[in-house]
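J.: Questions regarding the structure given below will be posed in turn.
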Amino acid sequence: MKNKLKNRMIKILTAFLAIAVVAGFTPQMGGSAYASGDDSSPAITLGTGVLKQNVNTVDAQVLDFGSYSWYTIAYDGKDGNGALTYLDSTGTTKDLYPEGTVTLLSKSDTGYGVFDYDSEFFGTYAGGSNIYATSKLKEKVDGESGIVNNFSAGEQGAIQDRTLTGGGVVYSETGYDENLICGEPVEHALLWPLSVAEANMVALRNVFFYSWWLRSPGLNAGNAALVQGSGDNSKVDRIGDQVSNVFPDYRFAFFLDKNAVLFTSAAAGGKNTGDEGAGALLLQTDRYNSGNEWKVTVKDSLHSGFNVDNNGAKYDAKTGVATIPYSGARSGNNEFISAIITDKPAGDDTAKIKYYGRLAKSAGETGAVTINTAGKLGDGDFLYVFNEQCNNEATSDLPAQTDYASELKEVNLNKEPVPPAPAKMISGVPLATMTASGKTAMNIAWQKTEGVDGYDIFFAKCDGKGKTTAKNVKTIKGNSTFTWTASGLKAGVSYKAYVRAYVMKNGQKQYVKSSPLMHAYAKGYTKRYTNAKSVKVNKKKVSVKAGKSFKLKVKVRKLRKGKKLMQKKHELTIRYLSTDTKIATVSKKGKIKGVKAGTCYVYAYAHNGVFKKITVKVK
């Protein structure tokens with residue numbers, strides 16, 4: 001009982017002092033500080049990439065989500081030291097966290113109290129259990145007043161749930177139980193306290209002020225593990241403390257699904273827009289967040305019906321003004337029809353937002369928005385329109401609130417953009433290759449696309465910085481020629497190209513397929529670098545069950561031995577695409593995952609397009 005009262009008094013005193021500090025000394029937050037330079041990040045970005053900066057360090061990025069603030073402790077299953085793994089009961093090394101997720105740990109405690117007890121709050125603290133599934137600690141997560149109830153349906157939909165596996169009541173029985181929980185498994189856990197293994201991994205645990213519970217069993221059935229102490233004196237205590245009469249903090253973590261996030265923006269002042277209306281698009285490339293506090297815009301089901309009518313769009317090329325009909329929009333005080341302009345397809349991990357703006361408040365399910373693109377939509381740029389719900393940004397008292405949005409809908413204004421990222425392409429992509437022919441020419445060859453009226457070849461010298469745009473240099477009419485040679489090139493210089501298939505509609509070209517972007521050196525090599533010659537895979541036919549995965553192992557054969565392959569600033573050494581992502585997907589690292597029964601193909605291809613085809617059968 002003395003321990004209980006001591007811990008309780010410390011908490012009350014701490015809360016009082018914290019209020020006094022905020023009231024007397026904390027400056028009011030009027031907005032994030034913005035500055036240019038290498039130490040800052042764009043104020044609004046596509047996806048979650050900014051969150052991996054300084055991951056699992058005291059300078060880790062902080063995300064405001066679900067009315068709380070969270071530290072980024074892992075990104076794609078890794079921290080700054082590489083993959084995070086643990087040994088199971090059989091001695092097998094397993095990944096601690098999955099790819100495709102951002103792992104976040106609560107920055108401030110979400111309450112405090114006992115791990116478990118059998119009696120009322122001021123009763124006799126005896127008989128508590130370290131079984132997590134029935135504990136008061138779990139109830140704090142998802143009970144009637146659990147913190148997960150502060151998360152909206154859209155936020156919960158952006159979380160990848162987890163199964164916490166059960167084991168023995170004592171940490172020393174097996175290393176397996178030490179890493180996981182005591183008792184029966186807990187399925188579909190959205191939030192969870194860390195295990196001993198996870199807490200040992202968290203390098204920033206010394207930033208927390210007080211001890212906090214872990215979910216792993218302790219010395220006996222009446223003990224649970226915890227992180228003991230504070231600051232530099234903090235340590236993971238797997239022997240633990242009594243579950244029913246000590247009051248450490250409650251601190252939880254969760255997996256944010258990267259695929260559910262549309263934008264990451266500065267928690268305060270991140271989504272900066274001009275006046276609502278046709279001229280709302282505001283330049284974003286000169287805006288930076290020099291801090292580390294962010295909010296996200298997630299794609300949610302409530303906005304999934306939004307669409308644009310490209311066929312009904314009107315565009316005046318002289319004025320740059322476009323009128324875009326839309327349907328399926330949600331209406332409300334904080335609902336908008338918004339747009340962005342990007343330098344690359346939104347599915348490309350390296351794409352940057354050049355302009356962002358809220359065009360109009362959404363007043364109904366259908367309507368039309370007018371966009372003035374003059375001086376903003378350049379050759380090779382992409383324009384997207386979407387329906388978004390914009391909520392409060394961070395203040396000195398409250399964290400920022402999550403925003404929600406539909407998928408980005410591309411608006412085609414007869415521009416000539418570079419092709420979408422291969423892994424995001426629709427099925428049936430016509431792969432192309434670009435190989436040196438002598439010292440000053442390049443052969444471009446592509447696969448036939450059935451039913452098209454011709455092909456356009458886009459070609460340009462490459463500066464390796466993504467600032468040059470491939471231009472339409474040749475049209476191949478008909479569907480019987482699948483090669484073209486670019487001549488008069490400079491030996492040893494890198495060039496880029498892609499091929500687009502088109503059909504004629506109302507006397508105008510309409511692009512229907514596009515090859516991936518290729519990069520290659522004229523002559524085939526330089527003093528240091530070389531083109532790829534061929535691609536080799538460990539298996540040409542793969543059979544997987546739906547929900548299961550197979551990891552491809554790929555090697556690239558060089559045109560010239562002893563030289564390096566083209567630098568990654570041009571293109572990744574190996575890229576992947578699936579011809580039907582409804583049957584099987586493939587990650588950037590070559591992990592094929594079955595989705596549903598059927599057969600499709602996966603291509604592994606090098607920077608200049610040379611590839612290997614893999615047949616994938618999903619059972």
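Computed from the coordinates by the stated procedures, all read-outs in this text should not be read as laboratory data. From a predicted model like this one, the values you see are computed outputs, not experimental measurements. Ideal geometry is used to build each Cβ from the backbone, glycine not excepted, and the neighbour counts take in all protein chains shown.
J.: Just want the ordering: 190, 214, from fewest to most Cβ atoms lying within 10 Å of their own Cβ. Spell out each step's value before the answer.
T.: Values: 190 19, 214 28.
Ranking 190, 214 by Cβ neighbours within 10 Å, fewest first, gives 190, 214.
J.: Continuing with the same structure: With 10 angstrom as the radius, rank 519, 607 by how many other C-beta atoms surround their C-beta, starting from the fewest. List each step's numbers first, then the result.
T.: Details: 519 21, 607 27.
So the ranking, lowest neighbour count to highest, is 519, 607.
J.: What list do you get for 336, 151 if you sort them by fewest beta carbons within 10 Å?
T.: Going from sparsest to densest Cβ surroundings: 151, 336.
J.: Taking one equal scatterer on every alpha-carbon of region 50-256, how large is log10 of I(q)/I(0) by Debye at q = 0.18 1/Å?
T.: -1.35
J.: Would you mind calculating the gained length between residue 314 and residue 239 on full extension (0.36 nm times residue separation, minus the Cα-Cα distance), in nm to one decimal?
T.: On the way: separation 75, 0.36 × 75 = 27.00 nm, distance 6.93 nm.
Length difference between fully extended and current span is 20.1 nm.
J.: Once a ≥ b ≥ c are taken as the square roots of the eigenvalues of the Cα gyration tensor of region 422-618, is the result rounded (a/c under 1.5), prolate (a/b larger than b/c) or oblate (a/b not larger than b/c)? Can you show the working numbers first?
T.: Numbers: a/c = 2.22, a/b = 1.19, b/c = 1.86.
Cα axes put region 422-618 in the oblate bin.
J.: Amide H neighbours of residue 250 under 5 Å, at least 5 residues apart or on other chains, H built in the peptide plane: list them.
T.: Residues meeting the amide H criterion: 110, 111, 112, 113.
J.: Here is a follow-up. Relative contact order for the chain using alpha-carbon pairs under 8 Å, separation at least 6, rounded to a whole percent?
T.: Dividing the mean separation by the residue count of the chain yields 11 percent.
J.: Let me ask something additional. For region 571-619, I need the span (max minus min coordinate) of the C-alpha atoms along each principal axis, in Å, sorted largest to smallest.
T.: Principal extents (Cα only, largest first): 32, 16, 12 Å.
J.: Still on this structure: Cut-off under 18 Å on the C-alpha distance; same-chain residues fewer than 8 positions from residue 318 excluded. Which aspartates and glutamates are left, in chain and number order?
T.: Counting by Cα, and skipping residues close in sequence, residue 318 has these aspartates and glutamates nearby: 379, 381, 416.
J.: Please report the orientation-averaged projected area of the chain, defined via the convex hull of its C-alpha atoms, in nm².
T.: Numbers: hull surface 125.1 nm².
So the Cα hull casts an average projection of 31.3 nm².
J.: Could you check the simple spin-label distance between residue 184 and residue 596, using points 7 Å along Cα→Cβ, in nm with one decimal?
T.: Result: 3.3 nm between the two label points.
J.: So, one more: Along region 293-310, what does the Karplus equation 6.51 cos²θ - 1.76 cosθ + 1.60 (θ = phi - 60°) give for ³J(HN,Hα), rounded to whole Hz, x for Gly and Pro?
T.: Couplings: 10, 9, 9, 10, 10, 9, 7, 10, 5, 5, 10, 5, x, 5, 8, 10, 9, 5 Hz.
J.: Here's another thing I want to ask about it. Please give the FRET efficiency for residue 533 paired with residue 564, using the beta carbon to beta carbon distance and R0 = 22 Å, rounded to the nearest 0.05.
T.: Numbers: r = 14 Å, r/R0 = 0.63.
Rounded to the nearest 0.05, the efficiency is 0.95.
J.: Using the alpha-carbon atoms, what tilt in degrees (0 to 90, nearest 10) does helix 2-25 show relative to the longest principal axis of the chain?
T.: That helix lies at roughly 50 degrees to the long axis.
J.: Right, next: Mind giving me the FRET efficiency for residue 472 and residue 286? R0 is 30 Å, r the Cβ-Cβ distance, nearest 0.05 is fine. Write down the numbers at each step before the final one.
T.: Values: r = 30 Å, r/R0 = 1.01.
That gives a FRET efficiency of 0.50.
J.: Please check the chain for the longest run free of GluC sites (Glu not before Pro) that are loop-located per DSSP (anything but H, G, I, E, B) and have at most 10 other Cβ atoms within 10 Å. Walk me through the numbers on the way to the answer.
T.: On the way: sites that count: 120, 144, 450.
Value returned for the longest uninterrupted segment is 145-449.
J.: Separate question: Give me the distance in nm between label points sitting 7 Å out from Cα along the Cα-to-Cβ direction at residue 407 and residue 392, one decimal.
T.: For residue 407 paired with residue 392, the spin-label model returns 3.3 nm.
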